[in-house]
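Here the structure is laid out as structure tokens; the discussion comes afterwards.
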Amino acid sequence: MIDVLVQSSAPLRSRMEYAAATGLSMAGFDYRFVSELHGDERIVLCYGAKTGALDAFCRDGGILIEMRPCAWLYDPEADPAKFHGIANSMPPPPSHFPIFPLSPLPFLGDAPRNGEDNIITLHRLGRGVRCISNADIFGNLFFHLSRLEERHSPKRDELGRFRSKDSMLGKSGLLHRPVVDEIVGVLIRAVIECCRRTGTVVLRKALWPEGQRFAAFLSHDVDHPFKWTPKRILYETWRSARLLLSAKPVEGVRKLRRMFRSLPKNRDPYWTFGELMAWEEQACVRSSFYFSAKRRIKTDPSYNIYDREVRRIARTLAVCGWEIGLHGSYDSYNDPHMLEADKRALERAVSRTAGGIRQHFLRFDYEVTLGNQEIAGFEYDASLGYADHEGFRAGTSFPFHPYDFQQERGRHLIEIPLAMMDGTLAQHRGYDEEEATECVQRFLTVARKHRGVFSFLVHQSFLDEDECPYMRRLYRNLLAQIAEEDVYCVPGRELARWWRDRESLRIADYPPIEHQTLPQNNTEQHRKDGSLPWSSVKFRGRKSVNFIFQSERSIPHIVLFLEPIAQPEDWEVSLDGCAYQRRNEEGAIRLELSSVERNSTIRLDLFYRRDRQDR
């Protein structure tokens, strides 16, 4: 349990608490916000709070983490010159983290105090550790996740979208890096290092249900289910006729032949739903399909959900386990009534609740659209990405709760960021097959490295080789690769629900290890390097560390890590309340819990057997 002290006035305090909660939740640490200490704390994070009175706590073996907030990362009016300077130019020179082998990180904020150029510094204080973050970790998270720069920038493209080239990450060439995920990694390593130096055991939740290496979210927007509409047939006939009468008669004949061969509905090159289902079934994955409800204007998708064949395939997909979400029409991003009407129409047509949504053309306003979606009752949105460039628009691949500036709180709705889509690769970026494949592999590598989410959108119409010659091969190869990897690949709704399940597991009681268990003959070594070799700890009788936790939701499966533990095999685990499996890993004990019931209380006891030297 990490106790968080936040000191600031509203609304800055609400924003700081949101950022701290989001960062700690992504990291997998349990936390609670406190206004004062009660004596049972083990790890205290002071964010903007004065720490002078905590020296005694630290000397007695506690872990004190200090972080100074940077106000303009939360509120541009606090320092307009700095905010607009950073939003319109390159970031400051990257800092680095000397304690851990990490690449340079692009932190924003004020210059570190005392001229310190390290992100994290650790100081020994008595039996405890004082950890000073010279960068505002949570402020950086808020800046990226709240899309503060979009809120204060009037720049938009012809469709009303914020462009990648106008973003700070785009200008800095950092769109390919999930900087928020990297910053969360710094937080994890800092906390675990502090625990290692003080002999504290911390409980951390794995990112994915069975501890998979990373997650994949595959999705399909249905813009045009049929290629050969009457209007399209007339247009293609006219084009072919012009080619026949020009210097390219062979190409004209080829186009006419291809069109007439595929005119029957079962051979329409856009009608690839059966192929997608077969490929994904073979790879043992399920994806999300987003269908539009009603065509109102020519920029909307070219069908209505009540069209007989469209409705039938949507129902077939739903019955077979694929998710059916709403593809919000062109103007619905800022029209709450249209959004609600489209949601009701889709749900009636497929006899399923639509939990997820992606806006057409990725037309998306962070405040207006998310607010309307939340009011309409959606569980998650999947629109936060760029059409003109692949990358991480909010600096993260992880799901998260967007910030509501009107209510000054995190939204209930979850955002699943979009990293790339087929049109971006083939059209906006103009990649050939080799370049597109390399791009996909690069983002898969990023997902593995940070245990994040690989999010990829493929329109079913893009499997037509006239639209994109290589997308069919690229997607099939991707599915084959995912089938061979340790990946959590589920539809968006299931991914969002898992994220809520993970958040709901909270520690109700977390007593610390008593420091009198330190062996007297290791006091000198402990004072020198802060290490606590568990194999040297001698107990008289059985000592234990107890964790009592509860869940607000029923969780089918979750993985927990007890860390850092130098000799996991020297410890026994007793768990009641649900079935579990235990596996030792380097520096950690891994627990796999199954069938955690809602509101149940689970007690976990960690026992040290005996000193290895006594055996």
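Inside segment 190-295, counting only helices (runs of 4 or more DSSP H) that do not spill past its ends, which hold 2 or more residues that are modelled with pLDDT of 95 or more and closer than 30 Å to Glu485 by Cα?
273-282
Given Thr353, Thr396, which one is in the same structural domain as His450 (by the TED database), of a type in the set (S, T, N, Q), surrounded by fewer than 18 Cβ atoms within 10 Å (Cβ to Cβ) and modelled with pLDDT of 95 or more? Step by step, each of Thr353, Thr396 is checked, and only Thr353 is in the same structural domain as His450 (by the TED database), of a type in the set (S, T, N, Q), surrounded by fewer than 18 Cβ atoms within 10 Å (Cβ to Cβ) and modelled with pLDDT of 95 or more. In segment 551-575, the residues that are among the β-branched types (Val, Ile, Thr) and in a strand (DSSP E or B) form Cβ pairs under 7 Å with partners that are surrounded by fewer than 16 Cβ atoms within 10 Å (Cβ to Cβ) and at pLDDT 80 or above, at six or more places apart or across chains, as follows: Val559/Glu210; Val573/Arg582. Scanning segment 16-70 for residues that are in a strand (DSSP E or B) and among the β-branched types (Val, Ile, Thr) gives Ile43, Val44, Ile63, Ile65.
Every residue, every condition in (1) farther than 14 Å from Asp221 by Cβ; (2) aliphatic (A, V, I, L, M); (3) part of a loop (DSSP other than H, G, I, E, B), yes or no:
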residue	(1), (2), (3)
Ile297	yes, yes, yes
Ser302	no, no, yes
Arg312	yes, no, no
Ile324	no, yes, no
His327	no, no, no
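When segment 8-20 is filtered for residues that are within 13 Å of Cys70 (Cα to Cα) and touching a helix residue (DSSP H, G or I) at 6+ places or on another chain (Cβ under 8 Å), the ones remaining, listed by number, are Ser8, Leu12, Arg15, Met16, Ala19.
Arg189 meets the conditions (1) crowded, with 19+ Cβ neighbours inside 10 Å; (2) under 20 Å from Arg451 (Cβ atoms) in every case but one. The failed one is (1). Does Ala341 qualify as being in contact with a helix residue (DSSP H, G or I) (Cβ under 7 Å, 6 or more places away or on another chain), assigned to a helix (DSSP H, G or I) and more than 23 Å from Ser146 (Cα to Cα)? Judged against the criteria, Ala341 is not a match.
Residues that are surrounded by 14 or more Cβ atoms within 10 Å (Cβ to Cβ), over 22 Å from Glu210 (Cα atoms) and of a type outside the set (A, V, I, L, M, F, W, C) within segment 436-458 comprise just one, Thr437. On inspection, Leu24 qualifies as at pLDDT 85 or above and touching a Phe, Trp or Tyr at 6+ places or on another chain (Cβ under 8 Å). In summary, strands (runs of 3 or more DSSP E) completely within segment 427-515 and bearing 1 or more residues that are in contact (Cβ under 8 Å) with a residue 60 or more places away in the chain, in contact with an Asp or Glu (Cβ under 6 Å, 6 or more places away or on another chain) and more than 21 Å from Trp322 (Cα to Cα) occur at 505-509.
The requirement of being surrounded by fewer than 18 Cβ atoms within 10 Å (Cβ to Cβ) and assigned by the TED database to the domain that holds Arg189 is fulfilled nowhere in segment 127-148; no residue meets it. With respect to the stated conditions, Phe100 is under 26 Å from the mean Cα position of the chain (by Cα), at pLDDT below 75 and farther than 23 Å from Arg147 by Cβ. Residue count for segment 153-183, restricted to those that are among the hydroxyl-bearing types (Ser, Thr, Tyr), within 23 Å of the chain's Cα centre (by Cα) and under 21 Å from Asp75 (Cβ atoms): 1.
The values are calculated or read from the model by the stated rules, or taken from the named source; none is laboratory data. All values derive from a computational prediction rather than experimental measurement. With ideal geometry, Cβ positions are generated from the backbone for all residues, glycine too; neighbour counts draw on all protein chains shown.
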